[in-house]
Amino acid sequence: MALRTIRVIGDPILEKECKPIKAVSDRTKELIMDMFETMYDANGVGLAAPQVGILRQLFVVDIGDGKRYVCINPTVTAIGEEEQTGEEGCLSVPGKEGVVTRPMKVHVKAYDINMEPYEFDAEGLLARAMAHENDHLHGVLYTTKVEGELEDVTYENLEEYDFDEEEEEA
Ligand SMILES: [Zn+2]
């Protein structure tokens with residue numbers, strides 16, 4: 001496994017449409033493992049393939065609920081009309097956050113790491129993460145959906161993050 005370089009806002013690859021994955025090769029599996037490692041290293045809860053320069057319909061999510069989601073060729077559909085409005089950030093927009101409105105509940109259909117189809121409902125933060133990562137696969141950054149100003153992440157907000165884990169020695 002290896003850390004991948006995270007592309008940042010301004011990189012045109014982040015605004016491109018991703019292509020579906022036809023089959024999961026050993027290389028794809030390695031990419032998925034690298035994406036998890038890169039996401040955890042950056043203290044993120046989701047990471048999409050275009051963020052590491054790969055224009056394929058794939059993202060990974062782990063919001064800390066004990067589940068690791070691998071979503072290949074996903075569709076994310078809002079359930080009902082209920083919405084949530086809250087702070088959002090992105091590993092491709094470092095040091096920034098902004099208020100975005102998303103569906104409160106979504107239905108996700110995707111393929112897993114073995115190319116087996118599966119589906120599930122997500123709510124709250126998980127629904128937000130699914131919607132955010134799915135946008136990446138269609139070249140959409142959350143910055144285009146921010147209500148009001150994009151803000152700098154403050155120390156106050158950073159206290160919510162978990163810095164307890166010790167850094168691995170190189
Ligand atoms: Zn993002």
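What follows is calculated from the coordinates using simple rules that are stated; it is not laboratory data. Quick caveat: nothing in here was measured; it's all calculated off a predicted structure. Note: ideal-geometry Cβ built from the backbone for every residue, glycine included; neighbour counts use all protein chains shown.
Dipole magnitude for the chain: computed about the Cα centre from +1 point charges on Lys and Arg Cβ and -1 point charges on Asp and Glu Cβ, it is near 1300 debye. Determine the shape class of the range 1-84: with a ≥ b ≥ c the square roots of the Cα gyration tensor eigenvalues, call it rounded for a/c under 1.5, and otherwise prolate if a/b is greater than b/c, oblate otherwise. It is rounded, given that a/c, with a ≥ b ≥ c, falls under 1.5.
Would any residue of the range 33-64 have its amide N under 16 Å from a label point 7 Å out along Cα→Cβ of ASP26? List them or say none. Of the residues in the range 33-64, 33-34 have backbone N under 16 Å from the label point off ASP26. Rounded, prolate or oblate: which fits the range 1-40 when a ≥ b ≥ c are the square roots of the eigenvalues of the alpha-carbon gyration tensor, with rounded for a/c under 1.5 and prolate only if a/b beats b/c? It comes out oblate by the Cα gyration axes. Hey, which lysines would be in cross-link range of LYS105, C-alpha to C-alpha under 19 Å, not counting anything within fewer than 8 residues on its own chain? The reachable lysines, counting only those whose Cα sits under 19 Å from LYS105, are LYS67, LYS145.
Go ahead and set up a Gaussian network model of the chain, Cα springs under 10 Å, then flag whichever of GLU81, GLU17, GLU123 fluctuates most. The residue with the greatest mean-square fluctuation here is GLU81. The chain gives an Rg/Rh value of 0.94, both radii derived from C-alpha positions and Rh following Kirkwood. Normalised by the residues of the chain, what does the relative contact order come to in percent, with Cα pairs under 8 Å and at least six apart? This gives 23 percent for the chain. Its convex hull of Cα atoms gives the range 38-124 a direction-averaged projected area, equal to a quarter of the hull surface, of 6.1 nm². Divide the volume of the convex hull around the Cα atoms of the range 80-161 by the residue count and you get 117 Å³ per residue.
Every helix of 4 or more DSSP H residues in the chain counts as -39500 (n - 2.57), and over all residues that averages to -5500 deg cm²/dmol at 222 nm.
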